[in-house]
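Comments concern the structure below.
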Amino acid sequence: MNGMFVILTAFLALPGAASAAAQSPTARAWMVLQQGLTSNRAEKRANAVHALRLVHNNPRAQTMVEKALTDLNPKVRAAAAQALGPMGAESSVPKLKAVLNDKEPAVVLAAARSLLLLGDREAAYEIDYEVLIGERKSANGFVASQINELKDPKVVAMMGVETGIGFVPFGGAAYEVFRRVNKDDRSPVRAAAAKELAMDRDPKIDAALSKACSDKKWRVRVAAVDAIAKREDFKLLHVLTPVLDDKSDIVRYEASAAVLRLSGE
């Protein structure tokens, strides 16, 4: 027994061993998200901040997203503006209103959508009015910019087009283009099915979503993680923990945010 104790003590003395052994799922989740948010690649920053939409009533997560509103890349700013609404970040309303002056229409429209979700209908409707009368970049112009984004399948996932909803109210056109560009009709449909099952409390759904977390298609994995997060069942936390090491950064970020949501952190 004493020999085993000595070996264990020696192991824990190795660089990083103690921290790895003591790191909880929530600590790992924060670390994964922080790595994404500080990445040199705008795509990773955008995906990480988008994942934080799943974390509600959390000052730390809200601060991270608000900081991303000033990112130099418009994709990151748009992802941040879009995330604050689902987060229920009512105290972020002044910052979202400031973003309405952003030169990029995608950022403005994302901010307007979040303001609408947060109850500030007047500001959101004002943006819609300006788009309608031509004072802002037209809706058609925005759809065209969306179509260009769809050439990158990872951006498609961030925008949620796999469900046919889209980034803002132009999902129909964007989804059709996505199907043509990607040539994968099954994954979007299966991903949409996973998300639709989020509120179904049948125990067999837990098993199906758990299995989908290891699906070979990353779009299906990320949709399953999203659905598990929205089920808000702490008993499913063990399903998400292995996904923190997923080979797809999008899936890792979503899983990290889902872990924080289920953990209540």
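Which of the residues spanning the range 64-80 are within 20 Å of R261 (Cβ to Cβ) and not charged (D, E, K, R)?
The answer is M64, V65, A68, A79, A80.
Going by the conditions given, is A98 within 19 Å of Y253 (Cβ to Cβ), in a helix (DSSP H, G or I) and either open to solvent by 30 Å² or more (accessible area, probe 1.4 Å) or out of contact with any strand residue (DSSP E or B) (no Cβ under 8 Å at 6 or more places or on another chain) (or both)? Give the steps one after another, and end with the answer.
Details: within 19 Å of Y253 (Cβ to Cβ): no; in a helix (DSSP H, G or I): yes; either open to solvent by 30 Å² or more (accessible area, probe 1.4 Å) or out of contact with any strand residue (DSSP E or B) (no Cβ under 8 Å at 6 or more places or on another chain) (or both): yes.
No, not satisfied.
Somewhere in the range 122-145, is a residue small (G, A, S), in a helix (DSSP H, G or I), modelled with pLDDT of 85 or more and closer than 23 Å to R53 by Cβ? Give the steps one after another, and end with the answer.
Filtering the range 122-145 down to residues small (G, A, S) leaves 123-124, 134, 138-139, 141, 144-145.
Then drop every residue that is not in a helix (DSSP H, G or I), which leaves 123-124, 139, 141, 144-145.
With the extra rule that they be modelled with pLDDT of 85 or more, the set shrinks to none.
Among the residues of the range 122-145, not one is small (G, A, S), in a helix (DSSP H, G or I), modelled with pLDDT of 85 or more and closer than 23 Å to R53 by Cβ, which makes the answer no.
So which residues in the range 31-49 are open to solvent by 20 Å² or more (accessible area, probe 1.4 Å) and under 13 Å from A80 (Cα atoms), if there are any at all?
First, pick out the residues of the range 31-49 that are open to solvent by 20 Å² or more (accessible area, probe 1.4 Å): 31, 34-35, 37-45.
L37, A42, E43, K44, R45, listed by residue number.
For the range 67-90, how many residues meet the condition of being open to solvent by less than 40 Å² (accessible area, probe 1.4 Å) and in a helix (DSSP H, G or I)?
Total satisfying the criteria: 12.
Is it fair to say S256 is closer than 16 Å to L52 by Cα and over 16 Å from the mean Cα position of the chain (by Cα)?
Numbers: closer than 16 Å to L52 by Cα: yes; over 16 Å from the mean Cα position of the chain (by Cα): no.
Considered against the rule, which asks whether it is closer than 16 Å to L52 by Cα and over 16 Å from the mean Cα position of the chain (by Cα), S256 comes out as no.
Return the residues of the range 36-59 that are free of Cβ contacts under 8 Å to residues at least 24 places away in the same chain and part of a helix (DSSP H, G or I); say none if nothing qualifies.
Taking the range 36-59 as the starting set, the residues that turn out to be free of Cβ contacts under 8 Å to residues at least 24 places away in the same chain are 38-41, 59.
Result: P59, single match.
Which condition does R221 not pass, out of (1) closer than 27 Å to A42 by Cα; (2) touching a Ser or Thr at 6+ places or on another chain (Cβ under 9 Å); (3) open to solvent by 20 Å² or more (accessible area, probe 1.4 Å), if it passes all the others?
(3)
The values are calculated or read from the model by the stated rules, or taken from the named source; none is laboratory data. Remember, it's a predicted structure, so these values are computed and weren't measured experimentally. Glycine gets a Cβ as well: all are built from the backbone with ideal geometry, and neighbour counts include every protein chain shown. When the accessible area is computed, the model is the full protein with side chains, heavy atoms only, and any ligands, DNA or RNA have been set aside. Shrake-Rupley method; radii C 1.70, N 1.55, O 1.52, S 1.80 Å.
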